[in-house]
1. Please report, in debye to the nearest 20, how large the charge dipole of chain A is about its Cα centre when each Lys and Arg carries +1 at its beta carbon and each Asp and Glu carries -1 there.
2. Provide the FRET efficiency to the nearest 0.05 for the B:S181-B:R107 pair, computing r from the beta carbons and using R0 = 22 Å.
3. What are the principal axis extents of the Cα atoms in the range B:243-371, in Å, biggest first?
4. Counting only DSSP beta bridges with both residues in the protein assembly as shown, tell me the antiparallel percent, nearest 5.
5. At 222 nm, what value in deg cm²/dmol follows for the protein assembly as shown if DSSP H runs of at least 4 each add -39500 (n - 2.57) and the sum is divided by all its residues, to the nearest 500?
6. Mind checking the full-extension length gain between A:A258 and A:Q299? Use 0.36 nm per residue of separation minus the Cα-Cα distance, one decimal, nm.
7. Need the C-alpha centroid separation for the range A:18-43 versus the range A:150-211, integer Å.
8. Would you be so kind as to identify which of B:T191, A:P226, B:P301 lies farthest towards the positive end of the dipole of the protein assembly as shown, taking Lys and Arg as +1 and Asp and Glu as -1 on Cβ and the Cα centre as origin?
Amino acid sequence: MRQILTQNQSAAGALESPRWRRLKSVLRDVFSWRFALLVFASLVVIYPLLWVVSLAFSGQQSLQLVQDTRDLGLWGQLAALVPLPEQWSLQNFRAVLTEQPFMRWLLNSVVVAAGTTVIGLVLSCTAAYAFSRFRFPGRNRGLMLFLVSQMFPAVLMLIPLYVIVVQWLGLGNSWLGLILVYAITALPFCVWMLKGYFDTLPFEIEESALLEGASRLTIFYRIILPLARPAIAVTGLFSFMTAWNEFILASIFMDDEALYTVPVGLRFFVSDYSSEWGYFAAGSILVSVPVILLFLALQRFLVSGLSAGAVKG
Amino acid sequence: MIGIAVASIEFRGVVKRYADSAPTLPGLDLHIRDGEFMVLVGPSGCGKSTTLRMIAGLESVTAGELWIGDRLVNDLPPRDRDVAMVFQNYALYPHMTVFENMAFGLRVRKQPEREIRTRVEAAAETLGLVELLARKPGQLSGGQCQRVALGRAMVRDPQVFLFDEPLSNLDAELRVQMRASIGRLHREFGTTSVYVTHDQVEAMTLGSRIAILNGGELMQVGTPMELYSDPDNVFVAGFMGSPPMNILPVSNLGHALENRLLQLPRQGLERFGAELLLGLRPETLCPAAEAPAHWVRFSAPVEMVETLGAEMLVHLGEGDERLVARLPGLRSLTPGESLSLAFDPAALYLFDAGTRQRLREPRAVVAPESELVTP
Ligand SMILES: Nc1ncnc2c1ncn2[C@@H]1O[C@H](COP(=O)(O)OP(=O)(O)OP(=O)(O)O)[C@@H](O)[C@H]1O
Ligand SMILES: [Mg+2]
């Protein structure tokens, strides 16, 4: 942009300063319909989030931040639409973290999500590598079955999973049960995702390593996995989020309040018997923090094109 | 494994068949001598890469025997064959530096780190890669990548080097440079090498011997000069030399060869069939005025002229009787004009029109009239 502008400037002479031109082009962008559309879309997304934030920091449990809007006149009523609490307070956070078993739930969630990610990645990386590189009976059918399993809603598996995991394996009310269930339900997606990426890695790289004396396992660990880091980051994130956000299975498998994951625990705040929206909002914000941190940490791995330069032409 | 083992390679009736299709190689017999630089050439899909990959152990041998030195390697895994391969697309490890790329094979084989460093640095020195050792492949040009691939193969000091069209992704100038480096390396180390290429200039300049493949069949093996001057069949004749040998259909009259362009009296033709193919190299043709008396003369209309500076390629003739002559680029020719040319009757090749195999005549038959010895 800048280059184009400076080029234009030399052509047009000194009539208009470059700064003025730049300003004009920015203004043109701002008043375009595209810009308006983006602003609108952003508002739609952000507005509810702002409500949650202000609810969390209001120190109250009520959904109503401004007590009475009837006598306020038009401007007052409009102002009430803006999600700003009457006073700011960290009371909700303090209560959630100390008076409620929130930390315990957070721990459960972290263990379950991390376990899911690790087990899911180990299983899906090895499976995807086999699907990508080896030809064996049932290969195509297996891949197809994975795809088909994704066409049914997860709720459909609720009862069979309950029977298998809780009644047969006796893994109800335990971290391991949830971890297994999550890792395995995320598996089809992860395998397809990783297989797609492995397929793009040139065979010659592996053949070259094979000739140099590396075993299949060495090649897998020292060449394929490092090269597939972007894909592994994405699938890992997917597994983590699946486990982190899941509610239905967790609420059914975990009877003991001490073993609740965060989504189940949060629901507890706004059940039939209580409506502690402030705690709920504060908790929601606390839950998002690890996910945001994870995204930031993995951002540099999400850069694609790591394999560029491996092969030319 | 590393030592003074003899690294000849021998294919004994090797058959390669990919999953229930017609065999890619119906039966290959080829002996590659120790220390030789063998070039495999042939049209696309003729099985060059397949042959090479069988030596590497990347493809299985369907039937027959493949020997490297005194070992039958049919079922030996690639890592135990002590061969190194340079691929067309370099196949460097993108996440490793140039140093790590070259060191990988040695590290996998658990060589001492000191030894690795010395070897990699020596190879980098030879290939002019010293400044690039800390870079990753993504930051290198194509030519540099290929040199790293070469270095990676070199550091392991293998018994056999395999090259699968290593230069075909490079531009013309780099190709010439790299060709020279590869030739120099082979002269220096004398490692048995097998080199696949499409490019006949590469084949001619690099090969101690050349094997020409066509549709999985070995057409001929020999030194570049043997293939050029003594081709076994039309395919080899057309493959070596640029522009390729002119092939003209001729009728065998028993005492002479004839077609619409020329008539060529000749002894000893009775043994051959009625329809033959006459092979004439473009460079053996010269203007009729400058030719010795016993040469065969003919004239044909000029179709097109390609000027190459010092010389020119003149396309002559019509219909089936078309040929190219490589002449000194001195005069100007206009299309349509009739040009008189001559060639030495000793310099022609005869092939059977059906089998397309070479018909060899006893030397004496093609000697000048005066020295004729009747059989
Ligand atoms: N993995 C494979 N499965 C089935 N057929 C194959 C396979 N690899 C090669 N072929 C077939 O074998 C034949 C020879 O292939 P090959 O790669 O050896 O040819 P090439 O001489 O190296 O050709 P090019 O010059 O184009 O590289 C081709 O007809 C090809 O289609
Ligand atoms: Mg090939």
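1. 1420
2. E between B:S181 and B:R107, to the nearest 0.05, is 0.30.
3. The Cα atoms of the range B:243-371 stretch 42, 32, 21 Å along their principal axes.
4. 75
5. -13500 deg cm²/dmol
6. Once the chain is fully extended between A:A258 and A:Q299, it gains 11.4 nm.
7. 45
8. Value computed over the given set: A:P226.
The values are calculated or read from the model by the stated rules, or taken from the named source; none is laboratory data. This structure is a prediction, so every number in the text was calculated from the model and none was measured. Methodologically, a virtual Cβ is constructed for each residue, glycine included, from the backbone with ideal geometry; neighbour enumeration extends over all protein chains shown. Please note that ligands, DNA and RNA were not included when accessible areas were found on the heavy atoms of the full protein model with its side chains. Shrake-Rupley method; radii C 1.70, N 1.55, O 1.52, S 1.80 Å.
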